[in-house]
Amino acid sequence: MAEENKEKKSIFLRILGFCLRSPIGTLFALALIYFAFQAYVLGNSPLINKGIMLGICILWGLWFLARNMFKLLLVIVILIFAAYGYYAYNQREIAKCEAAGGVWNKETGICEEKLSLWQRLEKLWKEYVAKDDSETDTAKSK
């Protein structure tokens, strides 16, 4: 019996402690309960009271964000640094290639040396000639 009385007292003290620590949260909760009672139990202007309840929930959320803004900003900054670290880790080979003066080939995933315009044209011509030779060899074999 003493334990039940102690539990009831501790629950009451917990509720009282919450109300004293957070008077604005208590006001939001009481306003929400009042308009919910008006809308759902009494049926007085349910649409208007539900709109007011939605407004109270939004204000309560804004109050929570404003109260915890420093923590929120700190978490956002940590997430940004983590995302940048992940990006830099994934792009380390590309950065190393470009720092050495090369060009990263996305298709093959390797670092290639920079080619001038004439060197690129010569490379394309050799690929074209090799492709043409392989086509004529397959045509002759048929």
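Computed values, structure above
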item: Mean Cα-pair separation over length for the chain, i.e. relative contact order, pairs under 8 Å, 6 or more apart, %; result: 9 percent
item: Debye-sum result for segment 19-60 in log10 I(q)/I(0), which assumes one identical scatterer on each alpha carbon, at q = 0.22, 0.24, 0.25, 0.32 Å⁻¹; result: -0.65, -0.73, -0.76, -1.01
item: Mean ellipticity per residue at 222 nm, deg cm²/dmol - from DSSP H runs of n ≥ 4 across the chain, formula -39500 (n - 2.57); result: -26500 deg cm²/dmol
item: Percent accessible area from carbon and sulfur atoms, the chain, protein chains only, probe 1.4 Å; result: 68 percent
item: Exposure of ILE110 as accessible area (Å², to 10), given a probe of 1.4 Å and all protein chains; result: 90 Å²
item: Distant alpha-carbon pairs in the chain (separation over 25 angstrom), percent; result: 69 percent
item: Gaussian network model of the chain, springs between alpha carbon atoms under 10 Å - residue of ALA88, ALA29, ALA99 with greatest fluctuation; result: ALA99
item: Lysine pairs with alpha-carbon atoms under 18 Å apart, the chain, spacing 8 or more or separate chains; result: 9
item: Selection from PHE28, PHE64, VAL77 lying farthest towards where the dipole of segment 22-132 points positive, charges on Cβ; result: PHE28
item: Mean Cβ count within 10 Å, highest first, over the residues of peptides 115-121, 39-45; result: 39-45, 115-121
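The values are calculated or read from the model by the stated rules, or taken from the named source; none is laboratory data. Quick caveat, the model's predicted, so the values are computed rather than measured. Cβ coordinates were reconstructed from backbone atoms using ideal geometry, including for glycine residues, and neighbour counts include every protein chain displayed. With ligands, DNA and RNA removed, areas are computed over all heavy atoms of the protein, side chains included. Shrake-Rupley method; radii C 1.70, N 1.55, O 1.52, S 1.80 Å.
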